[in-house]
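Read-outs throughout are calculated quantities, based only on the coordinates presented, and are distinct from any laboratory measurement. Small disclaimer: the values here were computed from a predicted structure and weren't measured. Please note: Cβ atoms are built from the backbone with ideal geometry, for glycine as well, and neighbour counts cover all protein chains shown.
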Amino acid sequence: MAAKLKKGDKVVVLAGKDKGKQGEITTVMPKVNKAIVDGINIAIRHQRQTQTSQGGRTPKAMPIDLSNLALLDKNGKATRVGFREEDGKKVRFAKTTGDVI
């Protein structure tokens, strides 16, 4: 199945503790159906001090399920993603506006 959400897409969170927040996808993990979004679902990780790096508490973006994300269209609203063929190529389009992504 083709990927509806890809790296670099602007998305909005539909459910969870960060509901309503917007960000950009930095990593997609299709096998586990999750994505890492910049600035969303932040957890504090404790890092042990080593000779090369300073230890402490570091914020880290954790994966969020793809079903809890929706693509933002040009108007800044959440939209679903559809597929159609244009000039012999399969393209993604926003269902709300019909624009090619």
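Assorted remarks:
- 83, 93 arranged by Cβ crowding within 10 Å, fewest neighbours leading: 83, 93
- Computed about its Cα centre, the charge dipole of the chain is approximately 320 debye, with only Lys, Arg, Asp and Glu carrying charge at their Cβ.
- Segment 7-76: trypsin sites (Lys or Arg not before Pro) in DSSP loop, at most 12 other beta carbons within 10 Å: 7, 17, 19, 31, 48, 74
- Distance histogram in 10 Å bins (all Cα pairs of the chain, percent per bin): 15, 39, 27, 12, 6, 1
- Counted by neighbouring Cβ atoms within 10 Å, the residues 28, 12, 100 run from fewest to most as 100, 28, 12.
- Cross-link pairs beyond the 32 Å C-alpha cut-off, checked among 21/95; 17/95; 10/90; 19/89: 19/89
- Positive end of the dipole of the chain (Cβ unit charges, origin at the Cα centre): among 66, 56, 28, the Cα lying farthest that way belongs to 56.
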